[in-house]
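Presented below is the structure to which this report refers.
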Amino acid sequence: MPSHETVHAGSSAAAIQGAINTAGPGGHVTLAPGTYSIDRTLNIRQPLTLEGRAALRRAPGFQGALIGVFDTEDVDVLGLRLDDRYDFSTPLADENVFAIHVNNSRDVRIAGTKIENITRNGIVAGQSYDVRIQDNLVADAKGVGQSVTGRGGIGIIARGCHGVLIEGNTGRRNWRGTIYGHSTRGIIIRGNTCLDDHPKESDEAGIERGGPIGVSYGCTDYVIEGNYIDAAYAGQGIEIDVMEITRVTGPATQYGVIKGNTIVAQGYAGITLYVEPKNSSERKEAHVTITGNVIRDCSLRGNTYYAAITVFPGITDYVVTANAVRQRGGKGYAAHGQNYRSVVADNRFDERPLAITT
């Protein structure tokens with residue numbers, strides 16, 4: 001029979017794991033308010049609710065996820081605060097140094113958590129179905145210990161999943177962005193707030209630019225709606241990697257809607273349809289509609305290749321309509337090369353020179 005277990009402040013990670021195991025399938029574990037040092041992954045491998053107004057801190061030298069949801073279903077992780085800072089008392093080797101790692105699971109909800117000082121990535125869902133990531137804070141992901149082209153430094157990642165809702169989250173100062181969808185079918189990214197991603201420090205460290213919100217590598221049936229994105233020094237607002245031909249073979253990122261987002265003060269662009277290499281002659285079908293977005297001042301770094309809405313060469317099958325764009329010192333729309341089967345209509349582009357002060 002499932003039980004409701006309570007763990008008291010200051011208990012060890014082993015004690016928390018013992019409570020998880022004792023609660024049984026369908027059980028409930030509450031962590032009492034206080035601070036807990038986590039020196040091993042808290043493994044959830046059965047239907048369970050883990051919740052509490054408790055602070056979990058990565059113990060010195062511990063590598064691996066703080067919380068792992070593996071090979072199970074019907075799991076809720078609610079209300080916890082995670083301090084994911086790694087102290088580098090030993091060299092960082094484990095690739096899965098995440099705050100919360102969900103893998104090969106179904107019907108998982110992560111809600112109301114606060115994850116700060118993220119070592120590599122905050123919440124990572126892989127090879128899972130029906131995952132809901134709602135109303136969390138993910139902050140200060142730097143992706144330490146990875147190459148400048150790696151995928152660390154992201155607040156929330158869905159990779160190889162089917163049916164993911166990422167809603168109502170707040171991301172701050174994440175070096176590679178707040179939300180990233182990778183090879184996922186049916187992903188909804190809605191009502192999130194992204195602030196100060198891709199900061200100047202990340203650019204100076206050589207981190208590749210990108211979007212505070214991005215999808216790539218064959219994501220299909222995606223909706224990016226009603227998000228607020230502000231102040232990314234080296235950012236591109238919303239970046240859709242239609243295909244990175246030099247890195248991967250397979251399906252393009254297709255069949256999406258980008259609507260009703262507000263995107264402000266990005267270094268390079270507001271919305272980018274991207275293909276790599278950008279001089280490729282290969283056509284890639286995007287099948288995306290970009291509509292009803294408000295974009296302001298999104299070419300602040302002065303790179304003339306980019307505009308508020310930027311389309312790379314060879315991308316086809318897209319619609320850009322009913323967007324309101326105000327640009328200081330940049331273009332409202334730029335499509336490079338021959339972009340076939342595209343419609344650009346009924347947008348409002350207000351392009352103004354950037355004021356020069358002496």
Seminar exercise, completed: Out of (1) buried (at least 17 other Cβ atoms within 10 Å of the Cβ); (2) within 21 Å of ILE166 (Cα to Cα); (3) aromatic (Phe, Trp, Tyr), the one PHE62 does not meet is (2)
Exercise. Does ASP230 count as closer than 27 Å to ARG85 by Cβ and in a strand (DSSP E or B)?
Worked result: yes
For this session: Using the structure shown, decide if ILE189 is buried (at least 24 other Cβ atoms within 10 Å of the Cβ) and at pLDDT 95 or above.
Result: yes
Seminar exercise, completed: Checked the range 316-343 for anything closer than 22 Å to VAL264 by Cβ and either surrounded by fewer than 17 Cβ atoms within 10 Å (Cβ to Cβ) or touching a Ser or Thr at 6+ places or on another chain (Cβ under 9 Å) (or both); matches are VAL320, THR321, ALA322, ASN323, ALA324, GLN327, ARG328, GLY329, GLY330, LYS331, TYR333, ALA334
Exercise. Among (1) within 20 Å of LEU56 (Cβ to Cβ); (2) at pLDDT 95 or above, which single condition is THR119 missing?
Worked result: (2)
Seminar exercise, completed: Counting only residues in the range 215-227 that are within 18 Å of THR289 (Cβ to Cβ) and outside any strand (DSSP E or B), the one farthest from the chain's Cα centre (by Cα) is identified as GLY226
Exercise. For ILE271, are the conditions met, namely being among the β-branched types (Val, Ile, Thr), surrounded by 24 or more Cβ atoms within 10 Å (Cβ to Cβ) and over 14 Å from ILE240 (Cβ atoms)?
Worked result: no
Exercise. Of the residues in the range 223-238, how many are of a type outside the set (A, V, I, L, M, F, W, C), modelled with pLDDT of 95 or more, on the phi < 0 side of the Ramachandran plot and surrounded by 24 or more Cβ atoms within 10 Å (Cβ to Cβ)?
Worked result: 1
Seminar exercise, completed: Just one listed residue, out of ASP87, ASP74, ASP94, ASP39, is of a type in the set (Asp, Glu) and closer than 25 Å to ASN192 by Cα, and it is ASP74
Exercise. Across the range 292-315, which residue is modelled with the highest pLDDT among those that are of a type outside the set (A, V, I, L, M, F, W, C) and surrounded by fewer than 17 Cβ atoms within 10 Å (Cβ to Cβ)?
Worked result: GLY292
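The values are calculated or read from the model by the stated rules, or taken from the named source; none is laboratory data. Quick caveat, the model's predicted, so the values are computed rather than measured. Please note: Cβ atoms are built from the backbone with ideal geometry, for glycine as well, and neighbour counts cover all protein chains shown.
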